[in-house]
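None of the figures in this text is laboratory data; all of them are computed from the coordinates on show. Note that the structure is predicted; figures quoted are calculated from it, not measured. Ideal geometry is used to build each Cβ from the backbone, glycine not excepted, and the neighbour counts take in all protein chains shown.
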Amino acid sequence: MEAKSPDWFARQAAELVDFAAGSRHPDGGFAWLDDAGRPELDRPVELWVTCRMTHVFGLSLALGRPDSADLLDHGVTALRDRLRDDVHGGWFAGVDRDGPADDSKQAYAHAFVLLAAATATLAGHPDGRELLDEATTVFDERFWRAEDGLAVDVWDRAWRDLEDYRGVNANMHTLEAFLAVHDVTGEGRWLDRALQIATRVVHGFARDHDWRLPEHFSADWRVRPDYNRNDPGHPFRPYGVTIGHLLEWARLALNVRTALGATAPAWLLQDATALFHTAVTDGWSVDGASGFVYTTDFTGRPVVRQRMHWVLAEALNCATTLGQATGNPEYATWATSWWDHADRFFIDHERGSWLHELDPTNRPSATVWHGKPDVYHAYQAAILPLLGEISSYAGGVRDHTEGVIHGMPNQ
């Protein structure tokens, strides 16, 4: 095995942005893309997809690719107009030609509004800071619960009815967004909250369950171990343990550690290491073929054996970040091996982007995900080896001044 070169990662990043550019929806926001990169214009424009694409185009612009400016503006405009609820505040989960297709207010998607707004601010969009201020206000007032150190999950449109469900998926992306907001604004409360979330979830729920993190909870944060047992392959709330989230939480714990610097508690690295090794032991090549399974039960037995591109991307991010944090060459070896696996099975060298799902024999599949809706996970995996140790992607891009990714100075 030979490690990929910086030029190889730069080409990957550029090709992913080229593919993502086709998602521009003529009515506003970014469309879901099919396997060939064609926009599915009859499908509602989803808030989380638009936010993720806006984030990617903002990073791309900040890293010296000026043709991403118009795409960033397209995303910011949709968040200030088409997807925004002018009556009740916040953002619709999805819209179509007739208006809201899903008028729920979701913490998961609102966390991505925070992320997109932070990145737009970093990239110098003139409306970025105003969007960020609005998004932080909405999140403060509607989702964040200081007494829990966590966010609630889903409201109705008018913010009257709150779902009797709490989840760590939404909180994972909330932590991610809080780190980006902290890096862009310099306001310490966002870093404090990111540490609170990591403490509750990583040092609490995950540690208490031998690193097989439960995802689903009641309104008072009691574990619901059988949640979605009858729908184990749910794309956002699958039954059991989600292997990719163990890796993503581990990487985010390390990002918190980087942000805290000398004041970081030792458990952030210790717990991240434990999560990584649990994910690899339970999830990697455990069923007779290479690749990460999607989910396991709470004993580590595979449940959904399909291979998701985002799980591999987060494994790459986690191995890279652990290698930076520890200097242990074991993690570079894992990253090199997994990049070879991605190159062989996931990267679509003919049509672009990454295949989003493979079956247990590593052939294209679409039981959980169809098409290639966004490039967020793959793009972040491609640029991370070029950024060095980061506290967030926004912060890492801000600190990256050599312009190696797109071959031109940062702008």
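Points to keep in mind about this one:
- Local electrostatic count at Leu83 - Lys and Arg +1, Asp and Glu -1, tallied over other residues with Cβ under 12 Å: -4
- Pairwise centroid distance, computed over Cα atoms, of region 129-163 with region 1-72, Å: 27
- Cβ-defined net charge surrounding Ala250, 10 Å radius [Lys, Arg +1; Asp, Glu -1]: -2
- According to the Cα-based calculation, Rg over Rh for region 3-76 is 1.00, with Rh computed by the Kirkwood formula.
- Averaging over all projection directions, the Cα-based convex hull of region 43-87 occupies 3.3 nm² in the image plane.
- GNM top mover of Glu357, Glu330, Glu40 - the chain, alpha-carbon springs below 10 Å: Glu330
- The radius of gyration of the Cα set in region 21-163, together with its Dmax, comes out at 14.8, 46 angstrom.
- Residue exposure proxy: Ser60, Ser218, Ser337, ordered by other Cβ atoms within 10 angstrom of their Cβ from fewest to most, comes out as Ser218, Ser337, Ser60.
- The Cβ shell under 9 Å around Asn317 holds other residues with a net charge of -1, Lys and Arg each +1, Asp and Glu each -1.
- Under the combined filter of DSSP loop state and at most 13 neighbouring Cβ atoms within 10 Å, region 160-190 retains these trypsin sites (Lys or Arg not before Pro): Arg160.
- A P(r) calculated from all alpha carbon pairs of the chain, with 10 Å bins opening at zero, reads 5, 24, 36, 28, 7, 0 percent.
- FRET efficiency estimate (nearest 0.05) - Cβ-Cβ, Asp140 to Asp220, R0 22 angstrom: 0.50
- Per residue, the Cα convex hull of region 204-391 amounts to 124 Å³.
- Of the chymotrypsin sites (Phe, Trp or Tyr not before Pro) found in region 255-360, those in coil by DSSP whose Cβ has at most 16 other Cβ atoms within 10 Å are Phe298.
- Note on Ser290 and Tyr165: with the Förster distance fixed at 41 Å, the Cβ-Cβ geometry gives a FRET efficiency of about 0.75.
- The charge dipole of the chain, taken about its Cα centre with unit charges on the Cβ of Lys, Arg, Asp and Glu (plus for the first two, minus for the last two), comes to roughly 600 debye.
- Of the trypsin sites (Lys or Arg not before Pro) found in region 227-265, those in coil by DSSP whose Cβ has at most 14 other Cβ atoms within 10 Å are Arg229.
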